[in-house]
Structures are given as C-alpha cells and as structure tokens.
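S.K.: This is the structure, below, for whatever I ask next.
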Amino acid sequence: MSMSAISTGLSGLRAAEARLDAVAANVANMSTVGTAPGASGSSPVYEPIDVVTFQSGGGGRPSGVGYGFVPDPTAYDMAYDPASPIADGKGMVAVPRIDPAEQMVNLAYAKAQFTASAKVVAAANSMERAAIDLLA
C-alpha cells in the first residue's frame, strides 16, 4: 500500500520538476529573437513550453501524475529590429510571447505541487515505518 503511495508522490515530484524546467526555459528565452515559423532562416523563434499533467497508472499499476511538454509554435510577436542579422527583408524579427507574471504563477504552482508531493512521500514513509515497527 505505501509503496504505491510513495510512487504516487514521486511522480508528483517529477511533474513539479518538469513544470519548473519549463518555467526556467521560458524565462531564459524571453528576450531571444528568431525567424517566424515558415520563414527562411537558421534561427527559428523560441516556442514557449507549457506542461500538461494527467492521471497515470491504472490496470494494476500504481496511480500517479503523468506529464508532457507542449510547445506553442503560435506564441510569438513580430518586432522591428533592422539591425538584427536574422531580420527579414522588412527588418522584422520574431520574439516569443512570454508573460513574466504567468511564469511566476507557474513557478508558485510548481512549488505547491512539489510541497504536496513531498508530504505524500513523507506520510507514506511514516506509515511504512509504523507497519515495520508493529511487525518487529
């Protein structure tokens, strides 16, 4: 029973870590520029990443949290920067559309998810120790 709970908690920790990785990548690439999708050029615009979570397990396997990274290829704006070496013929470059406030909300969400999942692991570990002590 508690091994299943530990697996569930660990899957939640991994999903929280994935969300944190996505926030870090988005913030790090917030002010990069690139070429618009479909345009010629070797530097495509950064595609902001979101993390989707879903229930995993079932069929006799422990339940938990699954996750996936989902890039958004439409999340960019065009900006005028004729001095950029990757600007198109009109002097335009693509800039990823990343909202810093939304990234901070995602960071707070990841922290809460990590904290809750860590508490699940700690509670399962405590129950496992109590069961072992009863048997000893």
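The values are calculated or read from the model by the stated rules, or taken from the named source; none is laboratory data. Predicted model, so just to flag it, every value in this text is computed and none were measured. Positions of Cβ are generated from backbone atoms using ideal geometry, with glycine treated the same way; all protein chains shown enter the neighbour counts.
S.K.: Restricting the search to the range 57-80, which residues are closer than 30 Å to V120 by Cβ and in a loop (DSSP other than H, G, I, E, B)? First the steps, then the outcome.
M.R.: Start the filter on the range 57-80 by keeping residues that are closer than 30 Å to V120 by Cβ, which leaves 57-71.
Of everything in the range 57-80, those that are closer than 30 Å to V120 by Cβ and in a loop (DSSP other than H, G, I, E, B) turn out to be G59, G60.
S.K.: Mind counting the residues in the range 81-136 that are part of a helix (DSSP H, G or I) and β-branched (V, I, T)?
M.R.: Matching residues across the range 81-136 total 5.
S.K.: Looking at S7, is it on the phi < 0 side of the Ramachandran plot, touching a Pro at 6+ places or on another chain (Cβ under 7 Å) and either surrounded by 13 or more Cβ atoms within 10 Å (Cβ to Cβ) or touching a residue at least 12 places away in the same chain (Cβ under 8 Å) (or both)? Step through it out loud before you land on a result.
M.R.: Details: on the phi < 0 side of the Ramachandran plot: yes; touching a Pro at 6+ places or on another chain (Cβ under 7 Å): yes; either surrounded by 13 or more Cβ atoms within 10 Å (Cβ to Cβ) or touching a residue at least 12 places away in the same chain (Cβ under 8 Å) (or both): yes.
Judged against the criteria, S7 is a match.
S.K.: Of the numbered conditions (1) farther than 16 Å from G41 by Cα; (2) out of contact with any Leu (no Cβ under 9 Å at 6 or more places or on another chain); (3) touching a residue at least 40 places away in the same chain (Cβ under 8 Å), L107 fails exactly one; give the number of that condition.
M.R.: Of (1) farther than 16 Å from G41 by Cα; (2) out of contact with any Leu (no Cβ under 9 Å at 6 or more places or on another chain); (3) touching a residue at least 40 places away in the same chain (Cβ under 8 Å), only one is false for L107: (2).
S.K.: Take the residues of the range 37-56 that are of a type outside the set (A, V, I, L, M, F, W, C) and touching a helix residue (DSSP H, G or I) at 6+ places or on another chain (Cβ under 6 Å): which is surrounded by the fewest Cβ atoms within 10 Å (Cβ to Cβ)? Steps first, please.
M.R.: Residues of the range 37-56 of a type outside the set (A, V, I, L, M, F, W, C): 37-38, 40-44, 46-48, 50, 53, 55-56.
Among the residues that remain, those that are also touching a helix residue (DSSP H, G or I) at 6+ places or on another chain (Cβ under 6 Å) are: 48, 53.
Working: P48: 23, T53: 16.
Only one residue tops the list, namely T53.
S.K.: List every residue pair whose Cβ atoms lie under 9 Å apart, where the two residues are 6 or more positions apart in sequence or sit on different chains, the first residue falls within the range 116-136 and is more than 12 Å from L13 (Cβ to Cβ), and the second residue, located anywhere, is outside any helix (DSSP H, G or I) and not charged (D, E, K, R).
M.R.: So the pair list comes out as A124/M1; M127/M1; E128/M1; A131/M1.
Yes/no matrix, rows are residues, columns are (1) surrounded by 14 or more Cβ atoms within 10 Å (Cβ to Cβ); (2) at pLDDT below 95:
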{"residue": "A15", "(1), (2)": "yes, no"}
{"residue": "T35", "(1), (2)": "yes, yes"}
{"residue": "G58", "(1), (2)": "no, yes"}
{"residue": "G68", "(1), (2)": "no, no"}
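S.K.: Let me ask something else. Report, ordered by the first and then the second residue, all pairs with beta carbons closer than 6 Å, sequence separation of six or more or different chains, a first member in the range 38-50 that is assigned to a loop (DSSP other than H, G, I, E, B) and at pLDDT 80 or above, and a second member that is among the β-branched types (V, I, T) and surrounded by 14 or more Cβ atoms within 10 Å (Cβ to Cβ).
M.R.: Pairs that qualify, where the first residue is assigned to a loop (DSSP other than H, G, I, E, B) and at pLDDT 80 or above and the partner is among the β-branched types (V, I, T) and surrounded by 14 or more Cβ atoms within 10 Å (Cβ to Cβ), are S43/T35; S43/I86; Y46/T32; P48/I98.
S.K.: Do we have Y109 as within 28 Å of L20 (Cβ to Cβ), hydroxyl-bearing (S, T, Y) and modelled with pLDDT of 95 or more here? Step through it out loud before you land on a result.
M.R.: Values: within 28 Å of L20 (Cβ to Cβ): yes; hydroxyl-bearing (S, T, Y): yes; modelled with pLDDT of 95 or more: yes.
The answer is yes for Y109.
S.K.: Something else now. Which one of these does M78 not meet: (1) over 30 Å from I132 (Cα atoms); (2) surrounded by fewer than 17 Cβ atoms within 10 Å (Cβ to Cβ); (3) free of Cβ contacts under 8 Å to residues at least 40 places away in the same chain?
M.R.: For M78, the exception is condition (3).
S.K.: I would also like to ask the following. Please determine whether any residue of the range 112-131 is among the aromatic types (F, W, Y), closer than 21 Å to M30 by Cβ and surrounded by 11 or more Cβ atoms within 10 Å (Cβ to Cβ). Break it down stepwise before answering.
M.R.: Here is the first cut: in the range 112-131, the residues among the aromatic types (F, W, Y) are 114.
Filter once more, so that each one left must be closer than 21 Å to M30 by Cβ: none.
No, the range 112-131 contains no residue that is among the aromatic types (F, W, Y), closer than 21 Å to M30 by Cβ and surrounded by 11 or more Cβ atoms within 10 Å (Cβ to Cβ).
S.K.: Here is a further query. In the range 4-47, what count of residues is obtained for those that are under 12 Å from V121 (Cβ atoms) and among the β-branched types (V, I, T)?
M.R.: Summing the residues that are under 12 Å from V121 (Cβ atoms) and among the β-branched types (V, I, T) in the range 4-47 gives 2.
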